[in-house]
1. What's the ranking of 524-535, 486-497 by average number of surrounding C-beta atoms within 10 Å, highest first?
2. Quick one: which residues, 5 or more positions from residue 595 or on another chain, have an amide H under 5 Å from its amide H? H modelled 1.01 Å from N in the peptide plane, none for Pro or chain starts.
3. Show me, for the range 122-128, the HN-Hα J-couplings you get by feeding each phi into the Karplus relation (A = 6.51, B = -1.76, C = 1.60, θ = phi - 60°), rounded to Hz, glycine and proline as x.
4. Can you tell me the order of 103-111, 159-167 when each peptide is scored by its average per-residue count of other Cβ atoms within 10 angstrom, highest first?
5. Looking only at Cα atoms, what is the convex hull volume of the range 512-663 per residue, in Å³?
6. Listed here are the pairs 121/245; 197/272; 260/499; which of them are more than 31 Å apart at the Cα?
7. Is there a pair in 614/682; 77/186; 186/238 whose C-alpha atoms are over 32 Å apart, and which pairs would that be?
8. Distance in nm between label sites at residue 120 and residue 196, each 7 Å beyond Cα in the beta-carbon direction?
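Just so you know, all these numbers are worked out from the coordinates, no wet-lab data involved. If you're wondering where the values come from, they're calculated on a predicted model, not measured in any experiment. Cβ placement follows ideal geometry from the backbone for every residue including glycine, while neighbour counts extend to all protein chains displayed.
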Amino acid sequence: MLNDYERRLILTYLSNVASRLHHRHRTARALAECVAERADQLTVADCAERRIEETLSAYSHEELSADRWQQLRDILKGQQVATRRVRADRTALHIRRLGRETQLSGTDIAILELLLRYQTKPVIESIVDQVFRKRVGRFTHILNAGCSALPELLDLTVGSFRARFASHAPLVSSGLVSIDDDGQIKTIDRLNRLVYKPGSADIDVRCLLFDMDSPGELEWSDFDHVREGRDHVERLIKGALEAGKRGVNILVYGSPGTGKTQFCRTLASQLKVKLYSVGEADDWGNEPNRSERLQELRLAQRLLASGHDSILLFDEMEDLLQDPVSRDMPFLGRFNLGMLRTGGSKVFMNRLLEQNSVPTLWTSNAARETCPAVLRRMMFALELRQPSPQIRARVWARQLASHGIEASSEEANSLAREYDVSPGVAAGVTAAARLVDGGDIVTVRCGVRSLSRLLSGETHPQEEPTKFDPALMSANVDPIVLADHLAERGARRVSLCLKGPPGTGKSAYVRYLGERMGLEVVQKRASDLISMWVGGTEQQIAAAFAEARDAKQFLVFDEADSLLADRRLAQRSWEVSQVNEMLTWMESHPLPFACTTNFNERLDPATLRRFDFKIALDYLKPRQAMAAFRTFFELTPPPGITGLSNLTPGDFAVVRRQAEVLGKLEDPEALAGMLRGECETKPNRLTAVGFGRARNASDLLE
């Protein structure tokens, strides 16, 4: 059914069409039929309905006389005049308010209203289709035979009509309407909210069309691992809003799951501004295409330009800017010219970035595949990586508490060390665990293990910190004195290479140094960095150094001989390039870092001069072995311990676990026997291996 205002609109449209047609025109006959069939819907008084019937009584399908046609024109005009006092309905008021906000003319508003009414009001759609004897579907701005419905309904001249759809005209430049390759005109789907979404007639149209994004689940401190860039973005956006600066675009990029969208939401909360996401699915769950996402962006820029309290989020910008060929075949990425999808113009996109009036945050999973011309128009690029274990532990603790799952701080720390997953995954698995009989930490572990395996495969967890006594290290330098000096020096550039047999405490000593220096230690194994793709290993190495630099972490490379192998023995070019990459970063890295290896002889000779300290670790001396026995078992060591020449602190840790299983923790002789068994499984190495002098058996028995 038509309300009074809609009846007024359709009478105006029909009167406009009738005034332009000769009575012999086929559209005139179709219009007359339509009016006759719908007289009860179109008239405002019974007498008018009778007049229509009388006017059309002599009408036949073969002929419509000029007199009868003129009478029908007069009736339609009279009915239109009779409805002039009808007040605009809520949809009309919303459209007019939108027109004022986007600086549309009265003609543009009339065009927009007709387009919107046609696509949302079936009765109006049916009347228009009947008059023009076809399914109009979408109007067209191409004026050829049978394609002039829109100007006829609005009584526009050809020149005026075409001018309204020029690329610089307000209707198009604002993003309210678009024109496809076939010349068809389409309004942005979001405008349907003006019709369907509840709201008073005087509601702010910006709130009606765009929803504010929900607050982030994370806190500002959860992004401490990118503190420098995070704080710079905050200051930049704040200054842009205060100054009303145009062309402010911030790129937030990183691999999936690193919290890019969450960062944008948290940033908005930190700045106390409104965040609007554009280019998302519509209210009916339909996924927008590239053109529709661009329209929403342009409309949001136009509507929000007058305020200084809003920022925009455009998620997954590679959807908009990445060449679909390189997206589907990443090995062609180096040849990607950053073509806009569906043949879009790079010039158009560049101008859009240069002229946007509202600061915009762009997120991307594949920023390096974006056209350099687009990247150059970003004011800042913030790379988000997975947060450090310390930050992940804080997120886990908060999520577990918010979902009422009992867990100790150590259990939260353990989750953070074992699973390198994003805060979003932590939130999801804790919420899911709560649904399983109230949830517990075991259920949480089950959920995060399944997702972690899917997202990143089976990975080695960060080694749990253990009680470490540097006095149990047998090294060519005093480990305690070195730690004292480095702690006094602070978080400044220093490099160490630790070499020795397995279990001698290389990684444990680095963690000890990090604790003394007040730095979080991040360990990278060769398996974490070596890639199957050419150039991939170099990228991973560079990313590891950059991550440690930005997060102010103590970087440790385990199994460094795999990354710094002797280049003289290289058989492939990439074996040389990855060593070169490591050496380059080692020379320029501003913070402490260390390498550990069991095979010093495999290192490239050029690497040794890059290390400030070359620490050779060896098997425990007899007095250290006795001390280790007391430390690990809290028992008096049996005399036979001094005869074991190749014991390491790691052996004592292994034997303690064995003894716990076998119930032998109170039996010194049994413990000594298990230690002897560990020694017997090792190669007979009675000389020191490393950077110090060679040692013989008598040296080991001091």
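1. On the way: 524-535: 14.2, 486-497: 15.8.
Packing order, densest peptide first, comes out as 486-497, 524-535.
2. Under 5 Å from the amide H of residue 595 lie the amide H atoms of 496, 497, 498, 557, each far enough along the sequence or on another chain.
3. Result, ordered by residue: x, 5, 5, 4, 5, 5, 4 Hz.
4. Values: 103-111: 16.9, 159-167: 14.3.
Answer by packing, highest mean first, reads 103-111, 159-167.
5. Cα-based convex hull of the range 512-663, divided per residue, equals 164 Å³.
6. Beyond 31 Å between Cα atoms: 121/245; 260/499.
7. Among 614/682; 77/186; 186/238, the Cα-Cα distance tops 32 Å for 186/238.
8. Here the answer is 1.0 nm between the modelled labels.
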